[in-house]
Amino acid sequence: MGIELLTAVLLCCILFAFALGAPVGLALGGIAMAVGYLTWGEGIFNLIPSTIDSTYFSFILLAIPLYIYMGQLLTRSGIGDAMFNASQMLIGRIRGSLAVSVIGVCSMLGAMVGIIGAGIMTSGSIALKPMLERGYDRRLALGVIMAGGGLGILIPPSVPMIMFASSTQNSVGRMFIAALIPALISVVSLALYVIISCKLKPNLAPMDTGAEAQMSPRKKFLTMRDGMFSVLLIVAVLGSIISGIATPTESGAIGVVGALILAVVFKRFKVEMFKSAGFETAVLISVAMWIIFGATLFSNYHLMMGIQGMVASLTQDLGLPPIGVIIMMQLIMLLLGFIIDEFIIVLMCAPLFTPIAVSLGYDPIWFGILMILNIEIAVQTPPYGFALFYLKGIAPPGVTMGEIYKSVIPFICIKLAVLILCMMLPDLVLWLPNKLMG
């Protein structure tokens with residue numbers, strides 16, 4: 001069977017399995033083994049132990065449960081609320097200030113959780129109700145929740161970045177640092193859009209800042225203190241990586257200990273909170289590891305059958321320049337984001353596309369950041385981006401999918417502009433890691 005026909009068969013099988021509602025990890029791994037047995041014989045099963053060894057015994061991947069656990073502790077202890085209130089205090093009285101603070105805080109909350117779906121649901125559960133109660137336009141409120149929560153995978157520590165670095169044998173620290181400037185550009189661009197939109201259309205948002213405006217000086221001080229300490233934890237986690245004090249995995253442990261200390265200091269620690277955070281982390285990581293295993297098994301089989309050669313030949317036959325090949329890869333990943341989540345896109349595309357990008361003379365870290373930016377857009381793009389359905393799950397009764405589609409379009413356009421900017425100007429991505437790490 002030719003690689004072209006094999007790829008078509010694998011894709012059709014995946015789409016059929018997803019349409020039936022099959023578990024993602026089991027579907028990917030099962031399809032790879034079934035098709036592999038028919039095309040290669042019993043020898044294909046030797047791929048299972050080698051994949052288990054490279055997947056479940058990776059020191060880098062140990063960071064994933066640690067970062068998820070840190071995020072669960074911070075959000076379930078209510079420290080996310082402290083960050084939200086502090087940011088509102090800093091922004092002050094401008095029209096749409098609550099929406100601007102939501103973008104900043106939700107992006108940080110998304111970074112704590114490390115997964116787009118969980119980031120959006122966590123952000124929405126904290127921020128959506130206050131915006132609607134204060135008279136914000138419903139589409140604007142839904143859009144900023146999606147925009148801010150989705151930014152979580154671009155702001156370190158990011159689980160998809162760890163997975164990209166692990167699957168392509170690149171530095172997690174360089175990935176984290178390279179993402180900082182694109183993340184800053186994204187946050188500033190989204191905030192400016194909200195401010196300008198609210199100025200041009202005052203009916204989108206009220207001027208008042210709610211209860212924050214009536215706070216006593218002492219209450220304001222306590223609010224700022226709690227919020228700043230929670231932000232400092234994220235800075236400490238990233239700073240320990242940049243300074244070389246800790247590996248990304250070790251910094252995840254620092255984050256967990258720091259989250260526990262903050263919960264105790266802020267008198268938010270409860271045994272029930274501790275148990276629920278641990279249980280939810282166990283559930284999330286169990287699902288994630290099955291997906292990682294199945295997707296890695298699928299990717300390894302596809303790679304051994306020669307998919308890289310097929311893609312390379314296709315790009316040569318099309319006569320595309322190097323940047324044209326990169327754009328084609330971006331379009332493929334964008335389409336994949338309509339049907340599968342960020343984990344699978346990274347694990348399927350990173351080992352497939354990154355060597356091709358490197359062979360064309362591009363930096364793998366730059367390509368990795370483009371992939372993260374692309375995934376962030378893909379999973380939020382109507383009509384089938386799966387993050388849209390997470391947002392629908394937390395939206396108030398009466399919100400239709402049509403409203404959600406319209407709410408996210410302007411924010412997706414902004415993120416697409418950031419992707420194109422980073423594609424055209426690689427130094428936006430590479431300058432900082434080169435400056436700090438050589």
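The values are calculated or read from the model by the stated rules, or taken from the named source; none is laboratory data. Predicted, not measured: the structure shown is a model, and the values here were computed from it. Virtual Cβ from ideal backbone geometry, glycine too; neighbours counted across all protein chains shown. Each accessible area value is taken on the protein alone, full model and side chains, heavy atoms only, with ligands, DNA and RNA left out. Shrake-Rupley method; radii C 1.70, N 1.55, O 1.52, S 1.80 Å.
Between N46 and L436, the simple spin-label model (points 7 angstrom out along Cα→Cβ) gives 4.3 nm. With the simple spin-label model, which puts each label point 7 Å out from Cα in the Cβ direction, the I3 to V287 separation comes to 3.4 nm.
Could the peptides 347-355, 411-419 be put in order, highest first, of the mean number of other beta-carbon atoms found within 10 Å of their residues?
On the way: 347-355: 21.7, 411-419: 18.8.
Descending mean neighbour count gives 347-355, 411-419.
Under a straight-distance cross-link criterion of Cα-Cα below 26 Å, which lysines are reachable from K415, leaving out those fewer than 8 residues away in the same chain? Within the straight-line limit of under 26 Å, K415 reaches these lysines: K129, K199, K201, K392, K406, K435.
Ignoring ligands, DNA and RNA, what percent of the 1.4 Å accessible area of the chain is carbon and sulfur? Roughly 69 percent of what the probe reaches on the chain is carbon or sulfur.
Convex hull volume of the Cα atoms of the chain, normalised per residue: 146 Å³.
Using 0.36 nm times the number of residues separating L184 and I261, minus their current alpha carbon distance, what extension gain do you get?
Numbers: separation 77, 0.36 × 77 = 27.72 nm, distance 2.82 nm.
Answer, rounded to one decimal: 24.9 nm.
Protection proxy ranking of 191-201, 370-380, by the mean of other Cβ atoms within 10 Å over each peptide's residues and highest first, is 370-380, 191-201.
For the range 170-181, backbone phi angles converted through the Karplus equation (6.51, -1.76, 1.60; θ = phi - 60°) give residue-by-residue couplings of 10, 7, 5, x, 5, 4, 4, 5, 4, 7, 5, 5 Hz, Gly and Pro being listed as x. Helix 248-265 axis versus longest C-alpha principal axis of the chain: approximately 30°, rounded to the nearest ten.
In this structure, L200 and I420 have a Cβ-Cβ separation that, at R0 = 25 Å, corresponds to a calculated FRET efficiency of about 0.55. The distance between label points at E250 and D53 comes to 2.7 nm (points 7 Å beyond Cα on the Cα→Cβ vector). Solvent-accessible surface of the chain, taken per residue with a 1.4 Å probe and all protein chains present: 41 Å².
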